[in-house]
Amino acid sequence: MQEEIVIIGAGQAGAQLAHSLRQGGFEGPLRLIGDEPHPPYQRPPLSKKYLAGDVGAEGLWLRPPAFFETNQIDHIPNSRAVSIDRSAKRVQLENGDTLSYGKLVLATGTNARKIPLAGADKTGVVTLRSIADVDAIRDGLKTSNSIAIIGAGYIGLEVAAVAKALGKTVSVIEAQDRPMKRVVSQAVSDYFSGLHREKGIDLHLEAAIESLVGDDKVTGVKLANGNVIEAELVLIAVGAEPNDHLAGESGLEIDNGVLVDGSGQTSDPHIYAVGDCTRFYSGRYQRSVRMESVQNAIDQAKAAAQALLGEEVDYDPLPWFWSDQYDVKLQIAGLSEGYDDTVVVGSPEDHKFYVAYLNEGQLIAVDSVNFPRSHMLARRVIGETWREGLLPDA
């Protein structure tokens, strides 16, 4: 009989891993532990369609609940793993139960990053990571006319777009000098700054925050310059951090993520890790990377399933990402970190363009705005030497 595989984390990566193991012929006991009451679900729509009310919770499910029963995947919801006994190969759950494993997989994802901010514990201050978080934001928006969003990354700007469409007064506060600075160029940042301001967003850049004000309930954000931005709801959206605490406490090697090799194996040969919580060496980019994307969650889970089934794998993906804001779709192929030149093709004024990022003449990434053809072609050609005409004209 095949040894039992236990997966901690019932998100995109964990669910994909379980599915891929069954597809690949694994017939042993398979347990999927999740700390939420729901079946595994998609997270990207949370800040968009789910927040807007365009899709209900059931529309987020990755698989219908019956799928797990049919495939003999023991999905255990509302359960949190609190410790791993590596020598005994056992996982202890918060409720006191213990589970034995032959192989263990960590698919613990990320947590919303916290910032040391006076007043962050007030009622009306929220983060966004789960269905429950968005339910709280939706309830808050029903009784609030104004929202302040701290952070102008993907999540912050997506929520800003939805809240504005719902008729709310929206302020976005960003410490950097431009939105999405960590992942896009000046040209793309400028475009989205203009887009949000045209829609009526009050965008504050290079803004330091002193505190959140109000009594028990938040009423505004006080900036370091003394100005107060009034808000009945405040979303802290300053990125995510890997949920690698369980791994670290059990003695596994971590470094802003659980360290894994190309097969997903950790420093313990009986424990693997997949998805947003992992960090691995990319030969493509010649550095250690940690990726927060659906693409990585799915593809790394598939690779780890192959490894667990005895196949040789060396995972080194071409990453891609996307963000929907209003009727604008931003699609990113590759990682632009380390670029030394950019080429802009198309017209930001026409809301259709792309930016190609080069390093020593080689194409390493492409940001496409309402330009799906350039995105799909970029995913095929990144890694080749840049040649004029390699990507389509606008």
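The values are calculated or read from the model by the stated rules, or taken from the named source; none is laboratory data. If you're wondering where the values come from, they're calculated on a predicted model, not measured in any experiment. Cβ: placed from backbone, ideal geometry, glycine included. Neighbour counts: every protein chain shown. Ligands, DNA and RNA are excluded from the accessible area calculation, which covers all protein heavy atoms including side chains. Shrake-Rupley method; radii C 1.70, N 1.55, O 1.52, S 1.80 Å.
Brief remarks on what is shown
- Distance between the modelled labels on GLU69 and GLN176, one decimal in nanometres: 4.7 nm (7 Å Cα→Cβ projection).
- Distance between the 7 Å Cα→Cβ label points at PHE26 and LYS114: 3.3 nm.
- Modelled spin-label separation between GLU36 and GLU253, with each label point placed 7 Å from Cα along the Cα-to-Cβ direction: 3.2 nm.
- Using a probe of 1.4 Å on the protein chains alone, the accessible area found for ILE155 is around 60 Å².
- Which of PRO317, GLN331, ALA307, positive extreme of dipole for the stretch 240-394 (C-beta unit charges): GLN331
- Debye-sum result for the chain in log10 I(q)/I(0), which assumes one identical scatterer on each alpha carbon, at q = 0.06, 0.11 Å⁻¹: -0.25, -0.87
- Trypsin sites (Lys or Arg not before Pro) within the stretch 294-388: DSSP coil, no more than 10 neighbouring Cβ in 10 Å: ARG387
- Residues whose amide H lies under 5 Å from that of TRP322, counting only those 5 or more places away or on a different chain, are ILE332; hydrogens are built 1.01 Å from N in the peptide plane.
- Proximal lysines to LYS302, defined as alpha-carbon separation beneath 25 angstrom and excluding residues fewer than eight positions away on the same chain: LYS89, LYS103
- Whole-Hz ³J(HN,Hα) from phi, Karplus 6.51 cos²θ - 1.76 cosθ + 1.60, for the stretch 319-326, glycine and proline x: x, 8, 9, 8, 8, 10, 9, 6
- The chain, accessible area per residue, ligands and nucleic acids excluded (1.4 Å, Å²): 45 Å²
- In summary, the lysines within cross-link reach of LYS222, defined as a Cα separation below 29 angstrom excluding same-chain residues under 8 places away, comprise LYS48, LYS114, LYS122, LYS142, LYS164, LYS168, LYS181, LYS199.
- Spatially, the stretch 201-230 and the stretch 1-75 are offset by 39 Å when compared through their Cα centroids.
- With every protein chain in place, the chain: carbon and sulfur % of accessible area (1.4 Å): 44 percent
- For the stretch 69-164, the equivalent ellipsoid built from the Cα gyration tensor has semi-axes of 36, 17, 13 Å, listed from largest to smallest.
- Its DSSP H runs of at least 4 residues, each contributing -39,500 (n - 2.57), put the calculated 222 nm mean residue ellipticity of the chain at -6500 deg cm²/dmol, to the nearest 500.
- Estimated FRET transfer efficiency when R0 is 45 angstrom, pair ASP216-GLU312 (beta carbons, to 0.05): 0.20
- Quarter of the Cα convex hull surface for the stretch 1-150, i.e. its orientation-mean projected area (nm²): 11.1 nm²
- Rolling a 1.4 Å probe over the protein chains gives ARG80 an accessible area of about 110 Å².
- Using the Cβ-Cβ distance between ARG380 and VAL82 with R0 set to 51 Å, the FRET efficiency from 1/(1 + (r/R0)^6) comes to roughly 0.70.
- Shown here for the stretch 164-214: trypsin sites (Lys or Arg not before Pro) in loop regions (DSSP other than H, G, I, E, B) with at most 12 other Cβ atoms within 10 Å, namely ARG182.
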